[in-house]
Amino acid sequence: MRKAFLKSSNEQLKKFAKIVNGDKPLRKISVDEKLKVGVDLGTSSIVLTVLDSKDRIVYGAYEYDHAVQDGIVVNFIESVNILRHLKEKTEKVLGRELKTACGAIPPKTGEKSAKVVANVIEETGLICTGIEDEPTAAAKFLSLSNGTVVDIGGGTTGISVFRDSKLIHVVDEATGGFHMTLVLGGRYKIKNDEAEKLKRNKDKESEVYAVIKPVVEKMAAIVQNMGSEIIDPVIVVGGATNFTEFTTTFSKDLKRKVYKPLYPQFVTPLGIAMFDN
Ligand SMILES: Nc1ncnc2c1ncn2[C@@H]1O[C@H](COP(=O)(O)OP(=O)(O)OP(=O)(O)O)[C@@H](O)[C@H]1O
Ligand SMILES: [Mg+2]
């Protein structure tokens, strides 16, 4: 069962990775077909995802941004501009207009940030049909009703425990991929953008990982501190988990098996679109 759900999620993620930011959708859609749209305003990227009425992948686009910090929109105009751009690109590829979208916020960030995200979405001309919480969106995409989702993005690490599809426990810490970049920058005495490039350089992965491993261990310790509140399976998502050794370190420190889907940065954005009803 456990293997089966990651298998189908991984198949979807592979399809998504092939078409994201490209000039063709996964399949042709008719002008009146219902589409479901998700908007993920993250601290390091804004992702727009499009599904059909049966939650099958249609298209997606993303851009990097710096308009969100700690899960909160800090530059409204920049967020709107990026999202508008993604919407226009998507509409060109699909040959039709997008009408609605669902957004998301990290848990416990409150009504105010939900309102800001909804305003960003509506400012681009889309009707915002709801604001989900991010881990619930990830769990939905993964068909996870019991377990723990650890979402490690650019600026935040969020741990969310689900029982019977209900979010029963949430811990959020201000650490993530950006923290890894800072550690690399310090180690090699290079600027942040150079360190960011080095971090993603697959050819340098083993050297890079040796430097950032203590950051990963710190992240694992945050999870470990939750003790018996953790429910298996533990699944890590988010862009900062993009290292081959990541789950090995996590599994070892947590003394339990840790799972990671393919293209973990697209799990939450795809889950958000599933709520655009
Ligand atoms: N191939 C890669 N190797 C290493 N790190 C990566 C890779 N791709 C993305 N990242 C890192 O993942 C982080 C972004 O992850 P993600 O897109 O999940 O974040 P976000 O949703 O924008 O942020 P948050 O969830 O904190 O609001 C960045 O720190 C980025 O450097
Ligand atoms: Mg995120």
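Okay, here's what the table says:
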quantity: Test result for LYS36, exposed (fewer than 14 other Cβ atoms within 10 Å of the Cβ), more than 14 Å from ligand 1 (Cβ to nearest atom) and of a type outside the set (Phe, Trp, Tyr); calculated: no
quantity: Which listed residue, of VAL211, VAL216, VAL258, is more than 26 Å from GLU134 (Cβ to Cβ) and β-branched (Val, Ile, Thr); calculated: VAL211
quantity: Members of the range 227-277 that are out of contact with any helix residue (DSSP H, G or I) (no Cβ under 9 Å at 6 or more places or on another chain), of a type in the set (S, T, N, Q) and within 23 Å of GLU11 (Cα to Cα); calculated: THR248
quantity: Some residue of the range 47-61 being within 12 Å of ligand 1 (Cβ to nearest atom) and surrounded by 15 or more Cβ atoms within 10 Å (Cβ to Cβ); calculated: yes
quantity: Single residue of the range 122-156 satisfying the filter (in contact with an Asp or Glu (Cβ under 7 Å, 6 or more places away or on another chain) and buried (at least 24 other Cβ atoms within 10 Å of the Cβ)) that is modelled with the lowest pLDDT; calculated: THR156
quantity: Of residues in the range 30-45 being touching a strand residue (DSSP E or B) at 6+ places or on another chain (Cβ under 6 Å) and at pLDDT 90 or above, the one farthest from ligand 2 (Cβ to nearest atom); calculated: LEU35
quantity: Helices (runs of 4 or more DSSP H) enclosed by the range 164-268 - at least 1 residues per element that are surrounded by 21 or more Cβ atoms within 10 Å (Cβ to Cβ) and within 15 Å of ligand 2 (Cβ to nearest atom); calculated: 177-188, 205-224
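The values are calculated or read from the model by the stated rules, or taken from the named source; none is laboratory data. Every value quoted in this text rests on a predicted model; they were computed, and no experiment measured them. FYI the Cβ positions are ideal-geometry reconstructions off the backbone, even for glycines, and counts take in every protein chain you see.
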